[in-house]
């Protein structure tokens, strides 16, 4: 974990987070200006008499058209966590989240006898998404759901991203132990250890605002915006599985864990509220 050792580094980080939107806009311009330049060698006209006409040759060498695989509809299980507020009852929580009290009790065995303020309860729901079937060369990650979800699901995420919120309900982005805790003013988040290639998952539904290597200290970095007030960041990845503008869903794999720009295999997980790093632990459910 890298510490904020000087005012210069803090200023640079502030400028980076303030400029994330600009980076996203410029990302699509990287491949411009790569057209073939004039001045190349002239073709050998002496060999042209024995060659097939250009149009025939082009037709013969043209690759067969690629037929995109048909979309596939899948039903996925989505797990979210809610925090109990003062005065909450099982009936009230069930009504707010469209489930039954019996379901709540089944999902949270042994934890619903007497509710406590701040307690986390699991909510399980089914969601239908449409994904593009994997064709030749497609990665298993894309086939598993990194392609856009259903239109209705994406609209719901877009609406959430556009509104203000007082909090955000997260799941753990990785399964390993926390090897570096959050320290206000010194660290940016928590480090969760694991093995190279372990899945790194989106902590909540949201939109990918950044995916790349724009700041050296972070290595391969993903930033996901969840609403107008909260975003999460995932650093030091070995491989990124999403791109800027993608809609992601809670629990979806977005990267592979690595050690880029870090001295151990771990994901640096940050929660930012109004652009400022806060301790992720109060927003995460207790580990079972």
Does at least one position in the range 91-111 carry a residue that is modelled with pLDDT of 85 or more, assigned to a loop (DSSP other than H, G, I, E, B), out of contact with any strand residue (DSSP E or B) (no Cβ under 7 Å at 6 or more places or on another chain) and within 23 Å of residue 280 (Cβ to Cβ)?
no
Quick check on my filter: what residues within the range 203-213 are closer than 17 Å to residue 258 by Cβ and assigned to a loop (DSSP other than H, G, I, E, B)?
213
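Quick one: which of 141, 152 is in a helix (DSSP H, G or I), within 24 Å of residue 256 (Cβ to Cβ) and modelled with pLDDT under 90?
Values: 152 fails: within 24 Å of residue 256 (Cβ to Cβ).
Going through 141, 152 in turn, the sole match is 141.
May I ask you to list the residues in the range 163-198 that are assigned to a loop (DSSP other than H, G, I, E, B) and within 17 Å of the chain's Cα centre (by Cα)? If you could, list the steps in order and put the result at the bottom.
Filtering the range 163-198 for residues assigned to a loop (DSSP other than H, G, I, E, B) gives 163-177, 181-189, 194-198.
Correct list: 168, 169, 170, 171, 172, 173, 174, 175, 189, 197, 198.
Condition check ((1) within 17 Å of the chain's Cα centre (by Cα); (2) surrounded by fewer than 16 Cβ atoms within 10 Å (Cβ to Cβ)) across all residues:
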| residue | (1), (2) |
| --- | --- |
| 230 | yes, no |
| 235 | yes, no |
| 241 | yes, no |
| 246 | yes, no |
| 249 | yes, no |
| 256 | yes, no |
| 261 | no, no |
| 280 | yes, no |
| 286 | no, yes |
Tally, over the range 255-288, of residues that are part of a loop (DSSP other than H, G, I, E, B), over 24 Å from residue 83 (Cβ atoms) and in contact with a strand residue (DSSP E or B) (Cβ under 8 Å, 6 or more places away or on another chain):
7
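The values are calculated or read from the model by the stated rules, or taken from the named source; none is laboratory data. Just so it is clear, the structure is predicted and the values come from calculations on it, not from any experiment. Here Cβ is always computed from backbone atoms with ideal geometry, including for glycine, and neighbour counts include all displayed protein chains.
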